[in-house]
Amino acid sequence: MTDKKATLEIDGIDDAIELPIYSGTLGPDVVDVGGLTAQGLFTYDPGFVSTASCESKITFIDGAKGILLHRGYPIGQLAEQSDYLETCYLLLYGELPTTDQKAHFLSTVGLHTMVNEQICTFFNGFRRDAHPMAVMCGVVGALSAFYHDSLEISDEHHREIAAFRLIAKMPTLAAMSYKYSIGQPFMYPDNSLSYAENFLHMMFGNPCEPSTISPVLAKAMDRIFLLHADHEQNASTSTVRLAGSSGANPFACIAAGIAALWGPSHGGANEAVLEMLKEIGDVSRIEEFVARAKDKDDPFRLMGFGHRVYKNFDPRAKVMKEAADEVLAELGIEHDPLLEIAKRLEEIALSDEYFIEKKLYPNVDFYSGIILKAIGIPPSMFTVIFAVGRTVGWIAHWNEMISGSYRIGRPRQLYTGYTERDFVPTSQR
Ligand code: ACO
């Protein structure tokens, strides 16, 4: 907080309006415009380009410098030295865990990895060809019908159990949505495995044989979860906060976040990257698609390029690129046609004046799609995996909001429709 003020002078209003300015620990100051309503004014900022919707202590991004900090720790250090569940603890509780705290956290997550057996019946209501994100929107929302003992949002203990349940059950539900789509039996979680190993076991294992999981692939999977764990007030997290601000239960709020994540401008981009690479089909056609991306009259965009906040580079993409190289080496993949297109596309776009001028760099989804494809995960599951990793961020933000003071989110609008007019009976229209 500072004693700086902004003064707003408006034509037709005699007195200038003074607006308080607050400073955070990092990032731009914010102008408190809450008092404008009393003056008969709203602010207008479609897409929330310069609007801070809340105060938060969880994650900081400086898009111009390519900085991403979770509770102060740089994402590159966490990706190199930490793991997904430790990062979950950090996001939820604000500090890195001690050895004992970490062991307790891991064992508590383990207690919640199974889902109520009745949920298997719930899955049977879906068509086998349903998109796994459609299934996830349904089953995660349905968790509130199964876990009545963690719905009292004003109770800190209930909120904590809901957090454990969501973090622990998301990989199980994600793998179930895949197994259901290919007609294979659901795999029960194996708590002797790490979070990422367990996910790969439930995705690719079968009840007839023991699972064999490559440590390199498990590490890459863990990094994908970690790099997606949180990203401050993005579209899906803001959706979770908005849904939560009405007092909705955590399972319903996370289902809302999953729905927001699904779109191709957000989490759906990793699947869209693969679809785009398939559409390009051959290295010889890249120039044609790059030209389309630059054509203002063509709605086509290069998927996996550009970001609302990062206008220098996406620090997650840097780590993800390294992980992609490790995975491709481990799997001995040298000549995959889609990967060839991806590599060439990256080179061309990074040296093209249009992309340089507009600061459009490959984002995290460009490389995560490449890794997931190499691991053998079908593109329809890519966004589901993003949702698994992001669940902790959604929960941490929801919990931060509920445990502080908050009001129901209620944006205003610039109305441009009809002014009042009289109803016209059908016979006179
Ligand atoms: N290909 C071609 N041109 C692009 C691209 C792209 N991928 N992204 C942005 N541009 C251009 C726009 O046409 C626009 O040009 P103009 O100034 O001439 O009108 C300019 O760059 C700015 O783009 P905006 O859409 O205004 O930027 P915004 O911040 O609103 O959008 C977004 C960001 C949605 C990520 C956009 O870059 C995009 O659609 N990228 C492709 C989808 C994608 O990869 N999404 C994943 C985001 S990361 C994540 O969610 C984890």
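The values are calculated or read from the model by the stated rules, or taken from the named source; none is laboratory data. All figures in this text were calculated on a predicted structure; none of them were measured in a lab. Using ideal geometry, Cβ is built from the backbone for each residue, glycine included, and neighbour counts are taken over all protein chains shown. Ligands, DNA and RNA are excluded from the accessible area calculation, which covers all protein heavy atoms including side chains. Shrake-Rupley method; radii C 1.70, N 1.55, O 1.52, S 1.80 Å.
Structure values in brief
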{"quantity": "Unique residue being basic (Lys, Arg), buried (at least 16 other Cβ atoms within 10 Å of the Cβ) and more than 21 Å from the chain's Cα centre (by Cα) when the list is 179, 219", "calculated": "179"}
{"quantity": "Qualifying residue in the range 139-150 (condition: open to solvent by 50 Å² or more (accessible area, probe 1.4 Å) and at pLDDT 95 or above)", "calculated": "no"}
{"quantity": "Candidates 353, 326, 334 - the one that is touching a residue at least 12 places away in the same chain (Cβ under 8 Å) and of a type outside the set (Ser, Thr, Tyr)", "calculated": "326"}
{"quantity": "Enumeration of residues in the range 45-65 that are more than 16 Å from the ligand (Cβ to nearest atom) and under 19 Å from residue 408 (Cα atoms)", "calculated": "52, 53, 54, 55, 56"}
{"quantity": "Checklist (1) hydrophobic (A, V, I, L, M, F, W, C); (2) within 16 Å of the ligand (Cβ to nearest atom); (3) touching a Gly at 6+ places or on another chain (Cβ under 7 Å) applied to residue 227, failing item", "calculated": "(3)"}
{"quantity": "Residue ranges of helices (runs of 4 or more DSSP H) in the range 106-203 with at least 2 members of a type in the set (S, T, N, Q)", "calculated": "118-123, 156-182"}
{"quantity": "Residue tally, condition in contact with a Leu (Cβ under 8 Å, 6 or more places away or on another chain) and touching a residue at least 24 places away in the same chain (Cβ under 8 Å), over the range 71-92", "calculated": "10"}
{"quantity": "Within the range 230-244, tally of residues that are part of a helix (DSSP H, G or I) and within 16 Å of the ligand (Cβ to nearest atom)", "calculated": "6"}
{"quantity": "Qualifying positions in the range 111-138 - open to solvent by 40 Å² or more (accessible area, probe 1.4 Å) and among the hydrophobic types (A, V, I, L, M, F, W, C)", "calculated": "111, 114, 122, 126"}
{"quantity": "Cβ pairs under 6 Å, 6+ apart, first in the range 93-122 and without any contact (Cβ under 8 Å) to a residue 60 or more places away in the chain and farther than 28 Å from residue 78 by Cβ, second in a helix (DSSP H, G or I) and open to solvent by 80 Å² or more (accessible area, probe 1.4 Å)", "calculated": "none"}
